[in-house]
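S.K.: Handing you this structure, nothing more for now.
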Amino acid sequence: QAIEMVLDYLPASYNCNMEAREQMHYAQCLAGMAFSNALLGIVHSMAHKTGAAFSTGHIPHGCANAIYLPYVIAYNAKDPVAASRYAEIARRMGLDGTSEKALINSLREKINEFNEKLNIPKTLKEFGINEDEFKEKVAHIAELAVGDACTGSNPRAIDPATMEKLLTCTYYGTEVDF
């Protein structure tokens, strides 16, 4: 239900519609109840460890989550159980796709569409993170993210080297093919 409410109200909420903002508060509450049971995954691990890591600017937690989500879905979708769940979410959202892969791509595209409407950059580079500083810090950030409390509940395991690759994809906007 929270996903449906976000679909219905998020863009209007961002544009100062008070009814939509009220509905988003309800959606956030429902989502919070769900993830307090299911826990979070590496989207949050990455956001926790990058939020204040760069001198070129603080990345607000929600913005970081939104940037990382399409990349993490691509990573997690390599796990068959996670792929099935993402495809089911896409179906319930009424997205197009005749296969799991197509549904997952539609889901990622929908998230990117929302991010664009909400003026959320697609990459850390677009956010304004300095490339040299990113390269200098990414290995350490990857280690910290893997050790984050949220990582253990991710549907697909990840090690520091793979996390570094994933963070690099989020910096440059490259496809997650591993």
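The values are calculated or read from the model by the stated rules, or taken from the named source; none is laboratory data. Everything numeric in this text was worked out from a predicted model, so none of it was measured. Using ideal geometry, Cβ is built from the backbone for each residue, glycine included, and neighbour counts are taken over all protein chains shown.
S.K.: Within region 104-124, can one find any residue that is more than 30 Å from residue 1 (Cβ to Cβ), at pLDDT 95 or above and either of a type in the set (Lys, Arg) or in contact with a helix residue (DSSP H, G or I) (Cβ under 8 Å, 6 or more places away or on another chain) (or both)?
M.R.: First, the residues of region 104-124 that are more than 30 Å from residue 1 (Cβ to Cβ): 123-124.
Okay, now just the ones that are also at pLDDT 95 or above, so 123-124.
If we keep only those that are either of a type in the set (Lys, Arg) or in contact with a helix residue (DSSP H, G or I) (Cβ under 8 Å, 6 or more places away or on another chain) (or both) as well, we get 123-124.
Yes, because at least one residue in region 104-124 is more than 30 Å from residue 1 (Cβ to Cβ), at pLDDT 95 or above and either of a type in the set (Lys, Arg) or in contact with a helix residue (DSSP H, G or I) (Cβ under 8 Å, 6 or more places away or on another chain) (or both).
S.K.: Within region 49-62, restricting attention to residues that are outside any loop (DSSP other than H, G, I, E, B) and in contact (Cβ under 8 Å) with a residue 60 or more places away in the chain, which residue is farthest from residue 124 (Cα to Cα)?
M.R.: In the first step, residues of region 49-62 are kept if they are outside any loop (DSSP other than H, G, I, E, B); the result is 49-50, 61-62.
Next cut, in contact (Cβ under 8 Å) with a residue 60 or more places away in the chain only: 49-50.
Values: 49: 13, 50: 10 Å.
Going through the qualifying residues, I end up with 49.
S.K.: Among 77, 66, 87, which is modelled with pLDDT of 95 or more and surrounded by fewer than 21 Cβ atoms within 10 Å (Cβ to Cβ)?
M.R.: 66
S.K.: Would you list the helices (runs of 4 or more DSSP H) that sit entirely within region 63-178 and hold 3 or more residues that are of a type in the set (A, V, I, L, M, F, W, C) and not assigned by TED's automatic domain parsing to the domain that holds residue 12? Quick ask: steps written out before the conclusion?
M.R.: Details: elements: 80-92, 100-117, 124-127, 131-146, 160-172.
Filter on region 63-178 gives 80-92, 100-117, 131-146, 160-172.
S.K.: Show the residue pairs that are 6+ apart or on different chains and have beta-carbon atoms under 6 Å apart, the first residue being within region 103-130 and farther than 26 Å from residue 85 by Cβ, the second being among the β-branched types (Val, Ile, Thr) and at pLDDT 95 or above.
M.R.: Close Cβ pairs satisfying both conditions: 124/170.
S.K.: Please indicate, with yes or no, whether at least one residue in region 27-38 is assigned to a helix (DSSP H, G or I) and modelled with pLDDT of 95 or more. Steps first, answer last, please.
M.R.: Filtering region 27-38 down to residues assigned to a helix (DSSP H, G or I) leaves 27-38.
Filter once more, keeping what is modelled with pLDDT of 95 or more: none.
Within region 27-38, not a single residue is assigned to a helix (DSSP H, G or I) and modelled with pLDDT of 95 or more.
S.K.: Quick check on region 60-109: of everything there that is basic (Lys, Arg) and under 27 Å from residue 48 (Cβ atoms), which residue is nearest to the chain's Cα centre (by Cα)? Steps first, please.
M.R.: So in region 60-109, the residues basic (Lys, Arg) come out as 78, 85, 91-92, 101, 108.
Those still in the list that are under 27 Å from residue 48 (Cβ atoms) too: 78, 85, 108.
Numbers: 78: 16, 85: 15, 108: 9 Å.
Out of the qualifying residues, it is 108.
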